[in-house]
Structure formats: structure tokens, C-alpha cells
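Enquirer: So that we are looking at the same thing, I have put the structure below in C-alpha cells.
The values are calculated or read from the model by the stated rules, or taken from the named source; none is laboratory data. Everything numeric here is computed off the predicted structure, so don't read it as measured data. For neighbour counting, all protein chains shown are included, and Cβ atoms are generated from backbone atoms with ideal geometry for every residue, glycine included. Areas reflect the complete protein model, heavy atoms only, side chains present, ligands, DNA and RNA absent. Shrake-Rupley method; radii C 1.70, N 1.55, O 1.52, S 1.80 Å.
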Amino acid sequence: MNNEESIILANRQHGKYFMRFLDVLPASLSSHDTTRVTIAYFAVSGLDVLGSISTMSLELQNRIIQWIYRLQVHPDKDTGDMSACGFQGSSTVNIDFNSGNKLYRCGHLAMTYTGLCILLALGDDLSRVNRKAIIEGVKALQTEEGNFAATLSGCESDMRFVYCAACISYILNDWSGFNIKRATDYILKSIGYDYGIAQCPELESHGGTTFCALATLSLTNQLDQLSEAQIEGLKRWLLLRQIDGFQGRPNKPVDTCYSFWVGASLKILNALHLSDYANNRSYVYETQDIVVGGFSKWPDTCTDPMHTYLGLAGLSLIGESGLIEIVPTLNISKRAHEHLKTLHEQWASS
């Protein structure tokens, strides 16, 4: 790739690239079949940030919406229990198990969050979302420590799912299932000696989980719980993650996705302008495939939908021409967020 090619956004190729993942899941991603909703999220959100949602036929948009709703787990018919409610990650596990296997039919916080984002991007009114049941499902997953498990059926609990739970609560405009104080305490305990934020207390600071923590504090209006020293320390730690692009941890290679994770963290702290936009932009474009479409984590490696979307989202944060503005806290487009605000107004007046 020469320098001239590296500064051109291959908008059309990226649009076609995302559309492929909404058609057939490639063999290379077959192991991710049970989390297919996240792949659809990267594809739909990618088309959104490209300003290309309208290139999807209304029939395809409707099919995706219907598919998402088929993945919704409703309250138990016999007991009315809502603790397992949410969205599943794939129709592969969307099976009407007999009563002895109900344990395996439950929502997953990351799939619920990304499923709701897809519905918003496609302009759905969320009228078929069982909001009360999903909030009860969120509530059932918060631990005594303040973090959240991903699902009832046995899974890790960490900062990623604190963020997913916060996004779900914000989108559904209902915080009754989210103990804000307990989650805030968990986040504060996860701040390291270097001021970065880890997945759990006592672990290594990480760019992705720092984003999850800061976005959660922003969504819950708790950023003021950070001291001035912590905020300045966070800014410094985040800015030191830039080499040309951004890395997720010290002494690690730069990676396209951190142009969003670290960039959005800096944006939340009103400090993104202190970073080097030109170097960031240059690195992301080095990972672009202008023939087939897509971005990879490193130059001259295989592209994938996650790094393609997050690469575009990172470019959007620094104002790249031709891209829709991103709302960093929710990781959705401003267009989708405006639609959500309209829904909140309608719910408030009903």
C-alpha cells in the first residue's frame, strides 16, 4: 500500500464488506456463531457510521429486526420469573428447551446491549422489547462486589458487563435494575496505581476496560466521583498509549481498535484534542484493505468486522470526512442516539 492509497477512505468497499457479514457468516468466524448478534452489530453500526444504512433494502432491515426479536428471552411461562430475560446471541441457541433445560435459555448482557443498538440503528421503536423483563434480567446479574456477570448460566463478571448493563439501562431509560453506587465503588476500586482502570480490582490497567468504566461513570452521571488527580492521571495514562496509533497497555503493539477505546475515553474526559490526530489517522489507514474492504488490527493482516467498525468509529471521533458522528459513551451514531431521545420522550409522555 502506498502513501496515496493510505489516505483514501474506501467507503464503497467497506459498505460491501459489512454487507457480506449480514448475509453468510464466513467459515473463519464459525467459532463465533453463538455471538452472532455482536457481528451483526459491527456490520450494521459500520454501515451506519459510513452513512450507508439506506443502501440496505427495507426488506433486509426488517428481516434483521425480526431476527433480533426472535432472540428475546421472555419471562418464564410457569413462574413469571424474569431473571433470565434479555437477548441471546444467536438463533443457534434460540431453542424451546424442555423444562429440564431452561437453565440454558437466558439472555446475555453483551448480546442484549448490541441487539438493542442494532434495533436503534435500524429505526425500530423498541415497542416489542419487554423493557421491564430485561431490566429485571439486568438486576439479577449484578454481584455483591458491584460488577455484573454476563449471563445466569455461569460466566465471568467484570468491567465489560458493568458497561453493557449501564448501556441497557440508559437505552431503556430505567435504572431500577442497576445499583449505581455499588457499580461506582467497583469502578473506583479498579483504578490502578498508574490511574488506568482494570477489568477487576488488582489487575492490570487496560484501554478497553478503562473505556467501559469511564463510559459507565458518564452514563450514570458519576464522573464527579473521580478526584482531580485521578482525572489528570487518567488523561496522562491514556495519552501515553499513543505511539502512532494507540495501544491497549504499555509495552504492547498498537492496534486499530484502540483508536476507539482509548480515543473515546479521552473524548469522555474532554482530552482527545491533546492526542496526535494525524498519527492516529495514518496508523488506522495502514490497516485498511482498499480492494476487498475492511480494517485489520495490524497492517498486512486479515481484516475482521470488529476492527473495521472500531477503526471507522475511531476515525469518526477525530472528525474524518465522510463519516457519521459517534456518541462515544454508547458507541452508536449520533443519528441513532437522536432516535433514542425521541423514544425516551414518547415513553415519558405515555
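Enquirer: Tell me, what is the per residue accessible area of the chain in Å², probe radius 1.4 Å?
Expert: Normalised by residue count, the accessible surface of the chain is 44 Å².
Enquirer: Relative contact order (percent) for the stretch 245-350, with alpha-carbon contacts under 8 angstrom and 6 or more residues of separation?
Expert: Value for the stretch 245-350: 23 percent.
Enquirer: Relative contact order for the chain: what is it in percent, counting Cα pairs under 8 Å that are at least 6 residues apart?
Expert: For the chain, the relative contact order is 17 percent.
Enquirer: Please list, in chain and number order, the residues 5+ apart from Val73 or on another chain whose amide H is under 5 Å from its amide H, with Hs placed from the backbone.
Expert: Those qualifying (amide H under 5 Å, at least 5 residues apart or on another chain) are Gly86, Phe87, Gln88.
Enquirer: At a 1.4 Å probe, what is the % contribution of carbon and sulfur to the accessible area of the chain?
Expert: Reported share for carbon and sulfur atoms: 50 percent.
Enquirer: Now, a different point. Taking the alpha-carbon distance from Lys334 and a cut-off under 12 Å, which aspartates and glutamates remain once sequence neighbours fewer than 8 residues away in the same chain are dropped?
Expert: Partners found: Asp48, Glu325.
Enquirer: Using the structure shown, list the pairs from Lys77/Lys139; Lys16/Lys235; Lys16/Lys132; Lys252/Lys341; Lys16/Lys77 with a Cα-Cα distance above 31 Å, or answer none.
Expert: Lys16/Lys235; Lys16/Lys132; Lys252/Lys341; Lys16/Lys77, as the Cα separations exceed 31 Å there.
Enquirer: Using per-residue counts of other Cβ atoms within 10 Å, averaged over each peptide, order 138-144, 61-67 from highest down.
Expert: So the order, starting with the most tightly packed, is 138-144, 61-67.
Enquirer: Can you bin the stretch 147-201 into rounded, prolate or oblate? Criterion: square roots of the alpha carbon gyration tensor eigenvalues sorted a ≥ b ≥ c, rounded for a/c under 1.5, prolate for a/b above b/c, oblate for the rest.
Expert: oblate
Enquirer: Another question about this same structure. What number, rounded to the nearest 500 deg cm²/dmol, is the helix-based mean residue ellipticity at 222 nm of the chain, given -39500 (n - 2.57) per DSSP H run of at least four residues and division by all its residues?
Expert: -14000 deg cm²/dmol
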